[in-house]
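Quick notes on the structure that follows.
The values are calculated or read from the model by the stated rules, or taken from the named source; none is laboratory data. What you see is a predicted model, and the numbers here were worked out from it, not measured in a lab. Here the Cβ positions follow ideal geometry from the backbone for every residue, glycine too, while neighbour counts run over all protein chains shown.
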Amino acid sequence: MSTITTTQEQHVIDNVPKQLYIGGEWRDGGEGTLAVEDPSTGETLCEVADASVEDAKAALDVAVEAGPDFAARPPRERGEILRRAYEAIIDRQDELALLMTLEMGKPVSESRAEIVYAADFLRWFAEEAVRIDGRFAVAPNGQSRLLTMKQPVGPCLLITPWNFPLAMGTRKVGPAIAAGCTMVVKPAQQTPLSMLMLASILEEAGLPGGVLNLVTASSSSRTMEPLIADPRLRKLSFTGSTEVGRTLMGQASENLLRLSMELGGNAPFIVFEDADFDAAVEGAVIAKMRNIGEACTAANRFHVAESIADRFAEALADRIGAMRVGRGTEDGVKVGPLIDEKQRGKVAALVDDAVQRGARVLVGGHARDGAGYFYDPTVLADVPDGAELLREEIFGPVAPVKPFATEAEAIAAANDTEFGLVAYLFTSDLKRALRVVEALETGMVGLNQGIVSNAAAPFGGVKHSGFGREGGYEGIEEYLETKYVAVNL
């Protein structure tokens, strides 16, 4: 990677629209502006519009108004808009990757990978737009016919998180457009720039005004709660913490909104003694350190067969400890800063708690001095049962390793959580793999691999990790209602 200059950084920042996007127009926010911070320095990158409640209501007004016309657009037309946007994102991959690194902190190489992943959702749902169908059947009595059709659910509110600033947006926006839904999008206040660029790209790709309306705001509750209470809204899709998800579900219950919730995780990473050891270590590095550990799919707990647990922990410490920490724009950096001081403080508190209870630090274990929100990549051994980081989602570069004696013990430990998003399993025994996969209480499993994300696959969890699926054939169904017509012959 060639050196990135401050001139290049400023250029991509200057190119971002910094206003609200409502009804196909860019406008200022009624609450002034909010600052977007560079997590590697703690300094302000730029300021964007801060929406008022009136701005948010205006966004829903135009989404409602644009709904019937957009729902009636030919599926091929909606698909072609997504296809053009996909191509534009790929063409601008380097610019968008740098922008993402500046606002979120991850290394540019990882940002590039997210850009491709994000664009793939647009390509996938461009192809799904023309495959929305129903069915025709003869009723069991033979006297009538059963006809079903799929129609868009209507205006949607899409709330996206900060950790994957573009992909979590395209994963929601892509199927909404393909299905014929209009929407109000609220990105996280820490990372609004990538989503502002997406709105601009979709506008250039020919998306009609009013279909996508983007509202940046310093207070999600202040601006979004009135929309959730509005009877014209028909769907809410949220990616974020389980705590916030519960609150939103309570608010959404008044209007019986259609819901998709992708919430917290506490992913177990299970390694049996018969696993390919090197592949398991490599998978562990990917599952833990992707996105600086700030991913709902990040491996949170490493359950390793006791015969290889010490060796595995040492190997993982060697790999993770060798990863260069620094600003994501610098050559060779593999681990960027955490998103803010609050998140770094949480990670530090979880590590300190584990150490105080008897865990042994093999590498790392400290926040870094100086500017930015850096925390050293950390591996802990001898982690006791009572450690909080076995219960809570760490969301940082910390890997606690805990041995197990039997398969049943490994399964019980993996399922001993309120969450159920994803699990990782490494074994060379096919029968064991099938037994454990079926026993795991998660919506996804990575079998002998440390990553599960794929635009063509249904992403989602069970238990307190939420419900609904994003991506895959299932993803567009979240934005469609089924209408049944009885035909009397």
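Take the conditions (1) under 26 Å from residue 176 (Cα atoms); (2) crowded, with 20+ Cβ neighbours inside 10 Å; (3) touching a helix residue (DSSP H, G or I) at 6+ places or on another chain (Cβ under 9 Å); residue 421 misses just one of them, which is (3). Inclusion of residue 161 among residues that are within 19 Å of residue 455 (Cα to Cα), at pLDDT 95 or above and touching a Phe, Trp or Tyr at 6+ places or on another chain (Cβ under 6 Å) is not warranted. Here residue 48 fits the description: modelled with pLDDT of 95 or more and assigned to a strand (DSSP E or B). The residue that is nearest to residue 86 (Cα to Cα), counting only those in the stretch 148-178 that are part of a loop (DSSP other than H, G, I, E, B) and in contact with a Gly (Cβ under 8 Å, 6 or more places away or on another chain), is 160. If you filter the stretch 69-96 down to residues that are within 22 Å of the chain's Cα centre (by Cα) and either buried (at least 21 other Cβ atoms within 10 Å of the Cβ) or without any contact (Cβ under 8 Å) to a residue 12 or more places away in the chain (or both), you find that the one that is farthest from residue 169 (Cα to Cα) is 87.
For the stretch 188-269, the helices (runs of 4 or more DSSP H) that sit wholly inside it and include 2 or more residues that are under 30 Å from residue 287 (Cβ atoms) are 193-204, 242-252. Just name the residue that is modelled with the lowest pLDDT out of those in the stretch 1-35 that are surrounded by fewer than 13 Cβ atoms within 10 Å (Cβ to Cβ) and more than 20 Å from residue 195 (Cα to Cα). Applying the filter and picking the extreme gives 1.
Counting only strands (runs of 3 or more DSSP E) that sit completely within the stretch 341-435, those holding 3 or more residues that are farther than 23 Å from residue 466 by Cβ and in contact with a Phe, Trp or Tyr (Cβ under 7 Å, 6 or more places away or on another chain) correspond to 398-404. Would you please name the residue that is nearest to the chain's Cα centre (by Cα), looking only at residues in the stretch 97-111 that are among the small types (Gly, Ala, Ser) and part of a helix (DSSP H, G or I)? Residue satisfying both the conditions and the ranking: 111.
Taking the stated definitions as given, is residue 3 of a type in the set (S, T, N, Q) and in contact (Cβ under 8 Å) with a residue 40 or more places away in the chain? Answer is yes for this residue.
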